[in-house]
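Enquirer: First the structure, then my questions, so here it is.
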Amino acid sequence: MSFVRLIADDFVVSTDAISATAWTNGSPTLTAFYTSSLQGSSSDYYWNVFDTATTESVQFAIAYGNSAGSGSEAYNLQVDGRTPTSTIYGQWQDLVLADENTDFVFGNITASEFFALPLERTCYKESIFLGSLTLKIQGSGQTITLTDNSNYVTAVPYTAGGMRVFQLISGSAGVKNTSVDVNGYTVNSGSYGWLLPDVGTVLLNPLALAASVADGGAEFEYSGSYTASAAPNVSPNTSLFNAISGGAYFGINSQESITSDYVFVRPRSSEFNYSENPSFISGSTGEVLYSDFINNPQTYITTIGLYNDTNELLAVAKLSRPLNKNFTKEALVRVKLDF
């Protein structure tokens, strides 16, 4: 075994952005959507959505937030406005806006409600790949297709919470549909919501959905107090789940940065030409058994080990085939370390 000390020039760091399908089944799109009856009390706040009827893998969740608490029953009927939907709204205010007194602005319209579609953490990895979103929403009136406007911004916008934010517009796979509005927005209800790629979440604007796909404009709006006698026919989460399931198309990709350390190992002509293999040495006299090994040694490099200064083995690289080495040959071996 032979050693040589590596220097700074032998190390190179490279970072590559890799995109992949987000869904756990490996498909670029979800076309079937399922919920579970076993979710329990958490269903008051959000619904988990699965890709199969066996409900083995959560793909994303649906949650409705309303600043006034509309759309769900109050925790205490004597305390107005304190409901699961107001809790959801406040949580996303803190996370995204970093201010509980600030409302969401979708396009040019201030909204006091939204639907949140957070992807399962393992699905989006580091972030959502911009321009990959295609989401179809089917209402009683018509079906719309939504994407993000990342291809049409010159400067990346950020929320007060420090997250990148892009508007949801009419279109698919990052290409907008300008047949209604030049920005891809609705006429009077602003954009269709936000894409928050760094937290793997789509926020939908219920007003825009109601204006675009609901027959009569009320399918995605929930106002007033929730009581047993004045409850909506369909809960907000049920309404959106039915609309997404009816659209039968949710395509989105993930993105992550893979950092690789490259170590260049350079066996020079005068190095690594001899072996410590005991079969070459006489056990009784310690002499070299084969004269060719003295005058014209031939070795074969099969493994490279990286050691620290205390002689601890940190990493091992196996060559795909033995590399012949002698005094007339030099080699350059690139070792890639991924983190």
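The values are calculated or read from the model by the stated rules, or taken from the named source; none is laboratory data. Computed from a predicted model, the values in this text were never measured in an experiment. Positions of Cβ are generated from backbone atoms using ideal geometry, with glycine treated the same way; all protein chains shown enter the neighbour counts. Each accessible area value is taken on the protein alone, full model and side chains, heavy atoms only, with ligands, DNA and RNA left out. Shrake-Rupley method; radii C 1.70, N 1.55, O 1.52, S 1.80 Å.
Enquirer: What distance in nm separates the two pseudo spin-label positions at residue 332 and residue 3, each 7 Å out from Cα along the beta-carbon direction?
Expert: Here the modelled spin labels are 2.7 nm apart.
Enquirer: To continue, here is another question. For the range 12-150, what does the convex hull of the Cα positions come to per residue, in cubic angstrom?
Expert: On the way: hull volume 25.2 nm³, N = 139.
Output value, Cα hull per residue: 181 Å³.
Enquirer: Between residue 76 and residue 308, 0.36 nm times their residue separation minus their Cα-Cα distance comes to what?
Expert: Working: separation 232, 0.36 × 232 = 83.52 nm, distance 6.31 nm.
Stretched out fully, the residue 76 to residue 308 stretch lengthens by 77.2 nm.
Enquirer: In square angstrom, what is the accessible area per residue of the chain with a 1.4 angstrom probe?
Expert: 53 Å²
Enquirer: Ratio of the range 76-202's C-alpha Rg to 2.2 N^0.38 Å, to two decimals?
Expert: Numbers: Rg = 15.3 Å, N = 127, 2.2 N^0.38 = 13.9 Å.
Rounded to two decimals, the normalised Rg is 1.11.
Enquirer: If I ignore ligands, DNA and RNA and count only protein heavy atoms, how much of residue 121 is accessible to a 1.4 Å probe, in Å² to the nearest 10?
Expert: Residue 121 exposes around 130 Å² with every protein chain in place.
Enquirer: If you take the beta carbon distance between residue 14 and residue 282 as r and set R0 to 56 Å, what does 1/(1 + (r/R0)^6) give as a FRET efficiency, to the nearest 0.05?
Expert: Working from the Cβ atoms, E equals 0.70.
Enquirer: Once you have the Kirkwood Rh of the chain from its Cα pairs, apply Stokes-Einstein at 4 °C and 1.567 mPa s and quote D in µm²/s.
Expert: Numbers: Rh = 24.2 Å.
It comes out at roughly 54 µm²/s.
Enquirer: Give me a comma-separated list of calculated 3J(HN,Hα) values for the range 115-124, in order, Karplus coefficients 6.51, -1.76, 1.60 applied at θ = phi - 60°, integers in Hz, x for any Gly or Pro.
Expert: 10, 10, 10, x, 6, 4, 4, 6, 6, 9
Enquirer: For 75, 300, write out the residues from largest to smallest accessible area, computed with a 1.4 angstrom probe and no ligands counted.
Expert: The ordering from most to least exposed comes out as 300, 75.
Enquirer: Under 10 Å, Cα contacts only: if you run a Gaussian network model on the chain, which one of 113, 271, 256 comes out with the highest mean-square fluctuation?
Expert: So, out of 113, 271, 256, the one fluctuating most is 271.
Enquirer: Right, next: Taking θ = phi - 60°, what integer Hz values does the Karplus form 6.51 cos²θ - 1.76 cosθ + 1.60 yield along the range 140-154, in sequence order, with x for Gly and Pro?
Expert: 6, x, 6, 10, 10, 10, 10, 8, 9, 9, 4, 7, 10, 10, 8
Enquirer: Distance in nm between label sites at residue 154 and residue 275, each 7 Å beyond Cα in the beta-carbon direction?
Expert: With each label placed 7 Å out from Cα toward Cβ, I get 6.7 nm.
Enquirer: In the Gaussian network model of the chain, springs joining C-alpha atoms below 10 Å, which of 176, 325, 125 carries the largest mean-square fluctuation?
Expert: The residue that fluctuates most here is 325.
Enquirer: Give me the percent of the accessible area of the range 6-153 that comes from carbon and sulfur atoms, probe 1.4 Å, all protein chains in place.
Expert: That fraction is 47 percent.
Enquirer: Can you pull the accessible area of residue 180 for me, 1.4 Å probe, Å² to the nearest 10?
Expert: In the full protein context, residue 180 sits at about 100 Å².
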